[in-house]
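Engineer: The structure follows.
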Amino acid sequence: MKELLHRLGDPQNELSFLHIAGTNGKGSTLAMVASICQAAGYLVGRYNSPSVFTYCEKIQVNGESISEADVARLMTRVREVSDAMEREGFPHPTSFETETAVSFLYFKEKKCDLVALETGMGGETDATNVVTTTQVSILASISMDHMQFLGNTLEEIAKVKGGIIKPGRPVAMTGQNPEVEAVIQGIAEEKQAPLIISRPEQAVIRSADHTGTVFDYKEFQNVKLSLLGKYQVINACTALEVVEILRGLGYDIRQQAVLEG
């Protein structure tokens, strides 16, 4: 992956990332953070998988999917480089590695202020983990998944997913299983990465019906969440912790943008 990106000019090095790993809630949490940052006036790229309606929706800028023409143009460029690598004895990049490279090229072209980046599987050895310019690492709920690749215990899986944590860069994690929290805290301390853990049990739900949920969390009051399901409040609490971290990093995200996003 590093070789592929190097031959493409290392587009990822010119981007700022919000990088998320986890088992459940990655997509929702990242969608909320991206929407809030967009409402605050930032140009936000988003790379997630799998797609639901169209292939192109995996790669978006401010909620607008990449065009088929741009996919074809950038995919052709990546293919040419990949074929050259294979001729020189390198393994041919996988489809996910190819798509990840396409997304980085596209976000660089669009001059995105932030990129919401979702791991494909795991974290430490995931193709997305080549990035080094992470602003915030985010860890959603972690449970037993992809055990044939990631490990046989919750602690082993948490260690792999915690591999996206970067030295000295802040981390936001969904409050969860104590064993998982202990593993992530250990990694964060080792890398001197400030860790914030959300506490969704502190959220106060004001109302919940078919139109969505209204809740309070810490200083965030009357937050209306359009996604249905009380478990989405858990994801929203993590997203709000990310907002607080971004504010501390100098991003101008006002309360109205949070509510609108």
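No lab work stands behind these numbers, since they all come straight from the coordinates. Worth saying up front: this structure is predicted, and the values here are computed from it rather than measured. Neighbour counts are summed over all protein chains in view; Cβ atoms, including those assigned to glycine, are modelled from backbone coordinates with ideal geometry.
Engineer: Connecting C-alpha atoms closer than 10 Å in a GNM of the chain, tell me which of LEU139, LEU43, LEU228 has the biggest fluctuation.
Structural biologist: LEU228
Engineer: Ratio of the stretch 189-236's C-alpha Rg to 2.2 N^0.38 Å, to two decimals?
Structural biologist: On the way: Rg = 13.3 Å, N = 48, 2.2 N^0.38 = 9.6 Å.
The value comes to 1.39.
Engineer: I'd like the distance separating the alpha-carbon centroids of the stretch 187-261 and the stretch 59-115, in whole Å.
Structural biologist: Using only Cα atoms to place each centre, the spacing works out to 32 Å.
Engineer: If you don't mind, there's one more thing I want to ask. Non-local amide H neighbours of THR134 (under 5 Å, H modeled in plane, Pro and chain starts lacking H): which ones?
Structural biologist: Distant-sequence amide H within range of THR134: PHE17.
Engineer: Ordered by residue, what ³J(HN,Hα) values in Hz, to whole numbers, does the stretch 108-114 give under the Karplus form 6.51 cos²θ - 1.76 cosθ + 1.60, where θ = phi - 60° and Gly and Pro are x?
Structural biologist: Those phi angles translate into 5, 4, 7, 6, 5, 6, 9 Hz.
Engineer: What is the calculated FRET efficiency for ASP216 to GLU189, with r their C-beta to C-beta distance and R₀ = 35 Å, to the nearest 0.05?
Structural biologist: Details: r = 31 Å, r/R0 = 0.89.
It comes to 0.65.
Engineer: Taking the highest mean first, how do the peptides 58-68, 238-248 order by number of other beta carbon atoms within 10 angstrom per residue? All intermediate terms of the calculation are to be shown ahead of the outcome.
Structural biologist: On the way: 58-68: 17.1, 238-248: 22.5.
The packing order, highest mean first, is 238-248, 58-68.
Engineer: Mind checking which of ILE165, ASN177, SER226 is farthest towards the positive end of the stretch 123-261's charge dipole, using Cβ charges of +1 (Lys, Arg) and -1 (Asp, Glu) about the Cα centre?
Structural biologist: SER226
Engineer: Can you run phi through the Karplus equation (6.51, -1.76, 1.60; θ = phi - 60°) for the stretch 86-96 and list ³J(HN,Hα) in whole Hz, with x for Gly and Pro?
Structural biologist: Going residue by residue, I get 4, 5, 8, x, 7, x, 6, x, 6, 4, 5 Hz, with x marking Gly and Pro.
Engineer: If you don't mind, another one. Taking each pair of distinct Cα atoms in the stretch 162-261 once, what is the resulting Kirkwood hydrodynamic radius in Å?
Structural biologist: Numbers: mean 1/r = 0.0688 Å⁻¹.
After inverting the pairwise mean of 1/r, the radius is 14.5 Å.
Engineer: Going 7 Å from the Cα of PHE53 in the Cα-to-Cβ direction, what parts of the stretch 220-258 have a backbone nitrogen less than 19 Å from that spot?
Structural biologist: Hits in the stretch 220-258 for PHE53 at 19 Å: 226-228.
Engineer: Determine the alpha carbon to alpha carbon distance for each of LYS166/LYS191; LYS161/LYS230; LYS2/LYS26; LYS58/LYS110; LYS26/LYS161; LYS108/LYS166 and list only those over 18 Å. Don't skip to the answer; put the middle values down first.
Structural biologist: Values: LYS166/LYS191 7 Å; LYS161/LYS230 25 Å; LYS2/LYS26 24 Å; LYS58/LYS110 16 Å; LYS26/LYS161 12 Å; LYS108/LYS166 21 Å.
From the list (LYS166/LYS191; LYS161/LYS230; LYS2/LYS26; LYS58/LYS110; LYS26/LYS161; LYS108/LYS166), the Cα-Cα distance tops 18 Å for LYS161/LYS230; LYS2/LYS26; LYS108/LYS166.
Engineer: Take the chain, connect every pair of alpha-carbon atoms lying under 10 Å apart with a spring to form a Gaussian network, then pick out the residue of GLN135, GLN202, GLN232 with the largest mean-square fluctuation.
Structural biologist: Top of the fluctuation ranking is GLN202.
Engineer: Something else now. Ignoring everything except DSSP H segments at least 4 long, calculate the 222 nm mean residue ellipticity for the chain; use -39,500 (n - 2.57) per segment, divide by total residues, nearest 500.
Structural biologist: On the way: 9 runs with 105 residues, N = 261.
For the chain, the value works out to -12500 deg cm²/dmol.
Engineer: Now, a different point. Along the three principal axes, how long is the chain when you take its alpha carbons, biggest first, rounded to the nearest angstrom?
Structural biologist: So the three principal-axis extents are 60, 39, 34 Å.
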